[in-house]
Amino acid sequence: MIPGAFEYHRPTSLEEAVALMGQHGFEARVLAGGQSLIPAMRYRLAQPAVLVDINRLPGLNQLSEEGGMLRVGALVRDTDVEFNSGIQSRYALIADVSRVVADPIVRFRGTVVGSLCHNDPAGDWTAAALASRAQVVIRGPAGERTEAIDDFLVDSFTTSIGEGEIAVEARFPVPGPRTSGAYEKIERKVGDYATAAAAVQLELTEDGRIQEVGIGVTAVALKALRVAEGERLLRGQKPTRDLIRAAAEEAAKIADPNPDARGSKEYKRDMARVLVGRGLIKALGRLGVQL
Amino acid sequence: MEIILNINGQDRKLDVEPRTLLAHAIRDLGLTGTHIGCDSSSCGVCTVLLDHNTPVKSCTMFAVSAEGHTITTVEGLAQGGNLHPIQQAFHDQHGLQCGYCTPGMMLASIALLERNPNPSEEDIRFALSGNLCRCTGYQNIVKAVQQAAQVMGKKSEGLGSAADD
Ligand SMILES: Cc1cc2nc3c(=O)[nH]c(=O)nc-3n(C[C@H](O)[C@H](O)[C@H](O)COP(=O)(O)OP(=O)(O)OC[C@H]3O[C@@H](n4cnc5c(N)ncnc54)[C@H](O)[C@@H]3O)c2cc1C
């Protein structure tokens, strides 16, 4: 299968890339790792007239902490995260995701930011970004803006990136010493999208209460969802099995999955509940709390 | 578009459309060891190495994007008539039956051994989980990678001591 014809640009500066995107408007698409876009083009689900290949732009591969945030540039590949020992040891949720997103070869090209921009309803990074309260930095003709992930993820395959804009980085809050997380994904095989998955991140107070918590679920609705009611139940509380059960139940309440070869509506909805529960228990276990 | 791709150490001039996939560009040069399998980015038989140690599915990259990188295909592994240790190991351990996945398997294995010269069985199975084989059941592929790890490890030890002399 061969993609439709397109005009190819490979700018060497961000300014040039933004100018090209501005000039071609909605005709143009950014080409990052291509691991979602190229398959979509081969199936002719996407037929952009112009591709702006950002792979040679300087300064977009930073993966560093600054001002309490982990900055993940738009050219940071999944493997950059997977093979980074600092991230693997301190960012439990991100580390978990980096080992299950797509397959090991795809991860050498696919980017974290590209995955957020793609906003696949079954994407893994979107759920993780919700749970860790990430932000996306967007550059366009009008300058730069930063969006909370909840505002960024608008709908299936739709983000708040406007005409002529490029996402330049994602920012994840640096986890403190009493913060941990987990990603629980059911997949039929390596390289398959989730049947259902849940991302959780939580921070405990010194006396063992839940200070802050983020819960995201994916593949169980038209887009990744924040389980806000579950978060609300847990916030400020001492974790117990009953409380976790109640919070997990909230995931099933908001799930509205499509049945497909991976499972029925009922199964996926129930897995949203099960995986949120497991994720919370695993994250707590990583903080030394056994329930 | 006129582009130059550095494949197996040689600059090759090509005239491609931007939409030409790297896998097709490579095969059109007569380097048909890079196979095309699933045609949907899933099977890994089209895996090549960019810049010596980065495995990519060449069916999921445009040839134009590969400009400026070095590309290694299976044809580039043997040197001066000697099989690369990974090729020798796949041969010795019978790490293939039909051979269709073998080029991709070997290139993905080399990338693993580059960053982890001493992988556990689990590491090997994990690293190769994006490359599908429908014949072997993977057992002998794992054995082959283990043999190659041993041979390549010895070789670099040998070089180290030679340099010390
Ligand atoms: C076999 C296979 C299995 C996969 N399995 C999974 C999986 O289990 N879970 C999962 O989450 N994903 C999976 N993926 C998708 C993969 O993770 C993609 O790499 C990722 O979703 C997109 O990242 P990319 O850099 O390749 O983006 P691209 O494919 O280059 O782009 C994707 C979309 O985002 C836009 N875009 C990309 N970067 C930017 C930017 N900086 N600014 C503005 N727009 C941008 C593009 O224009 C395009 O519309 C799989 C892919 C394959 C091939």
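Data table
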{"item": "Three-way shape label, the stretch A:155-291, alpha-carbon gyration tensor, a/c 1.5", "result": "oblate"}
{"item": "Lys, Arg +1 and Asp, Glu -1 on Cβ, resulting dipole of chain A about Cα centre, debye, nearest 20", "result": "840 debye"}
{"item": "Percent antiparallel among DSSP beta bridges (both partners in the protein assembly as shown, rounded to 5)", "result": "85 percent"}
{"item": "Per residue accessible area of the stretch A:82-226, 1.4 Å probe, in Å²", "result": "33 Å²"}
{"item": "Accessible area of the stretch B:1-61 belonging to carbon and sulfur atoms, whole % at 1.4 Å probe", "result": "42 percent"}
{"item": "Carbon and sulfur %, accessible surface of chain A computed with the full protein complex present, 1.4 Å", "result": "49 percent"}
{"item": "Low-density loop cleavage sites - trypsin sites (Lys or Arg not before Pro) in the stretch A:186-277, where at most 13 other Cβ are within 10 Å (DSSP)", "result": "A:R188, A:K189"}
{"item": "Solvent-accessible area per residue, Å², over chain B with all protein chains present [probe radius 1.4 Å]", "result": "46 Å²"}
{"item": "Translational D in µm²/s for the protein assembly as shown (Stokes-Einstein at 25 °C, 0.890 mPa s, Kirkwood Rh from C-alpha pairs)", "result": "106 µm²/s"}
{"item": "Under the span-like rule (Cα at least 18 Å along the axis, Kyte-Doolittle mean at least 0.5), DSSP H helices of chain B", "result": "B:102-115"}
{"item": "Helical mean residue ellipticity (222 nm; -39500 (n - 2.57) per DSSP H run of 4+; nearest 500) of the protein assembly as shown", "result": "-10000 deg cm²/dmol"}
{"item": "1.4 Å probe accessible area per residue over the stretch A:7-53, in Å²", "result": "44 Å²"}
{"item": "Exercise: per-residue mean of other protein chain Cβ atoms within 10 Å, B:54-60", "result": "6"}
{"item": "Shielding by partners - mean other protein chain Cβ count within 10 Å, residues of B:126-132", "result": "5"}
{"item": "Apportionment of accessible area to carbon and sulfur, the stretch B:62-164, percent (1.4 Å)", "result": "51 percent"}
{"item": "Interface residues in the stretch A:105-119 - accessible area drops by 30 Å² or more relative to the isolated chain, probe 1.4 Å", "result": "A:I105, A:F108, A:R109"}
{"item": "Cα-based shape type of the stretch B:12-78, given that a ≥ b ≥ c are square roots of the gyration tensor eigenvalues and the cut on a/c is 1.5", "result": "rounded"}
{"item": "Pairwise burial A:B, computed as accessible area of each alone minus the pair, summed, 1.4 Å, Å²", "result": "2500 Å²"}
{"item": "DSSP-loop GluC sites (Glu not before Pro) across the stretch A:52-132, with at most 11 other Cβ within 10 angstrom", "result": "none"}
{"item": "Set of the stretch B:94-124 residues, backbone N closer than 16 Å to the point 7 Å along the Cα-Cβ line of B:E75", "result": "B:103-104"}
{"item": "Burial of 10 Å² or greater, the stretch A:1-32 residues [accessible area, probe 1.4 Å, versus chain by itself]", "result": "A:M1, A:I2, A:P3, A:A5, A:F6, A:Y8, A:R10, A:L31"}
{"item": "Filtered trypsin sites (Lys or Arg not before Pro), the stretch A:34-86: DSSP coil and at most 14 other beta carbons within 10 Å", "result": "A:R44"}
{"item": "Members of A:K282/B:K154; A:K189/B:K143; A:K189/A:K238; A:K185/B:K154 lying beyond 30 Å, as alpha-carbon distances in this model show", "result": "A:K282/B:K154; A:K189/A:K238; A:K185/B:K154"}
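The values are calculated or read from the model by the stated rules, or taken from the named source; none is laboratory data. In this text, all values refer to a predicted model and were calculated from it rather than measured experimentally. We place every Cβ from the backbone using ideal geometry, glycine too, and count neighbours over all the protein chains shown. Just the protein is used for accessible areas: all its heavy atoms, side chains included, with ligands, DNA and RNA removed. Shrake-Rupley method; radii C 1.70, N 1.55, O 1.52, S 1.80 Å.
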